[in-house]
Amino acid sequence: MRNFTNTNKYRRYRADVNSFGVATIHKRNPYTIALWSLAFPGFGHLLLEKYVRGILLVMWEVFINQQTNLNLAMMYSFTGRIESAKAVLDIRLLFLYIPVYLFAIWDSYRSTVELNKIYLLADKEDARFNSFSINAVGVNYLEKRNPIMAFLWASSIPSLGQLYLNRIILAFFALTWTVLFVYYSHFLEGIHYLILGNIEMSTDVLKPQWLLYIPSYYFFTIYDAYMNTVENNKLFEKEQRRYLKSHYQPSNFKIKKGKKVE
């Protein structure tokens, strides 16, 4: 049940509110999106709300990375142990990784440019969209949220910022991978020994192959939660302004430039 059902008479719509979140088109910086794909293939597409493509790319990245021991080799190379990096790196699938990695960067940049064009056309067309949805799955609606709260919740545990925005698909996906990364990297175990002052044990229990996934995932969820909170607030204000104008503003009301409105 929605408070408005699209008639599909318009060519483009800016947003859709459903039980799994708010799908919206807004202007994004193509270079920022491409850099997130550079950090982790699939992240750029998730920011564009291309969930199927983004999830497939993330799964491909993790699969290939695990099979080739790429993170472990990177850790050895960063610490100057080049021979150790060569020894652990499995090149059987490595050359499958490179073209997909480059495609993720290129496609996220290209998609951002095209979506920015669509946004400009949709914004000019100004088609009405629903702002409330309720069904057996749940309730969702447009409202103003605090970007700082989204930032803080996302900083505590990845996925909580997405849950705050009711972005169920991305929240479930992020939480699942967070649990896997934290568990197999022994990250919390390392923190435990670090608090006890046992630096050597804290270092020994960590698994670099899994640990190196965590930084990019952690900061991605923070950025995604904060950015989408800001954009959803802009969308709420536009929808509210449109509603007030159509229901309460007289049709003959005009603001004359240089004139004081009483």
Subject >> Residue check, Arg53 out of contact with any strand residue (DSSP E or B) (no Cβ under 7 Å at 6 or more places or on another chain), at pLDDT 90 or above, not in a helix (DSSP H, G or I) and not polar (S, T, N, Q) >> reply: no
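From the list Lys27, Lys86, which residue is among the basic types (Lys, Arg) and either assigned to a helix (DSSP H, G or I) or free of Cβ contacts under 8 Å to residues at least 12 places away in the same chain (or both)?
Lys86
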Original post:
From the list Tyr119, Tyr97, which residue is free of Cβ contacts under 8 Å to residues at least 40 places away in the same chain, crowded, with 17+ Cβ neighbours inside 10 Å and of a type outside the set (Gly, Ala, Ser)?
Top reply: Tyr97
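Being in contact with a Leu (Cβ under 8 Å, 6 or more places away or on another chain), open to solvent by 10 Å² or more (accessible area, probe 1.4 Å) and basic (Lys, Arg) is true for just one of Arg81, Arg28, Arg53. Which residue is that? Give the steps one after another, and end with the answer.
Values: Arg81 fails: in contact with a Leu (Cβ under 8 Å, 6 or more places away or on another chain); Arg53 fails: in contact with a Leu (Cβ under 8 Å, 6 or more places away or on another chain).
Testing whether each residue is in contact with a Leu (Cβ under 8 Å, 6 or more places away or on another chain), open to solvent by 10 Å² or more (accessible area, probe 1.4 Å) and basic (Lys, Arg) leaves just Arg28.
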Original post:
Here are some conditions: (1) of a type outside the set (Val, Ile, Thr); (2) on the phi > 0 side of the Ramachandran plot; (3) in contact with a His (Cβ under 8 Å, 6 or more places away or on another chain). Gly54 meets all but one. Which one does it not meet?
Top reply: (2)
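Scan the range 31-50 for residues that are of a type in the set (Val, Ile, Thr) and open to solvent by 10 Å² or more (accessible area, probe 1.4 Å) and report the count.
Let us first name the residues in the range 31-50 that are of a type in the set (Val, Ile, Thr), namely 32-33.
In the following step, the residues that additionally are open to solvent by 10 Å² or more (accessible area, probe 1.4 Å) were identified as 32.
Qualifying residue count for the region: 1.
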Original post:
What are the residue pairs meeting all of these: first residue in the range 185-201, first residue under 23 Å from Gln66 (Cβ atoms), second residue open to solvent by 90 Å² or more (accessible area, probe 1.4 Å) and modelled with pLDDT of 90 or more, Cβ atoms under 6 Å, and 6 or more apart or on different chains?
Top reply: Ser185/Lys207; His186/Lys207
Original post:
Among the residues of the range 155-177, is there at least one that is exposed (fewer than 14 other Cβ atoms within 10 Å of the Cβ), farther than 18 Å from Asn228 by Cα and more than 14 Å from the chain's Cα centre (by Cα)?
Top reply: yes
**OP:** Read through the list (1) within 14 Å of the chain's Cα centre (by Cα); (2) farther than 18 Å from Tyr226 by Cβ; (3) surrounded by 19 or more Cβ atoms within 10 Å (Cβ to Cβ), then give the number of the only condition that Glu61 fails.
**Re:** (1)
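Which one is surrounded by the most Cβ atoms within 10 Å (Cβ to Cβ) among residues in the range 178-194 that are β-branched (Val, Ile, Thr) and under 18 Å from the mean Cα position of the chain (by Cα)?
Quick first cut of the range 178-194, residues β-branched (Val, Ile, Thr) only: 178-179, 182, 191.
Now drop any that are not under 18 Å from the mean Cα position of the chain (by Cα), which leaves 178-179.
On the way: Thr178: 18, Val179: 13.
Selected residue: Thr178.
The values are calculated or read from the model by the stated rules, or taken from the named source; none is laboratory data. Everything numeric in this text was worked out from a predicted model, so none of it was measured. Every residue, glycine among them, receives a Cβ derived from its backbone with ideal geometry; neighbour counts consider all protein chains shown. The area values use the complete protein model at the heavy-atom level, side chains included, leaving out ligands, DNA and RNA. Shrake-Rupley method; radii C 1.70, N 1.55, O 1.52, S 1.80 Å.
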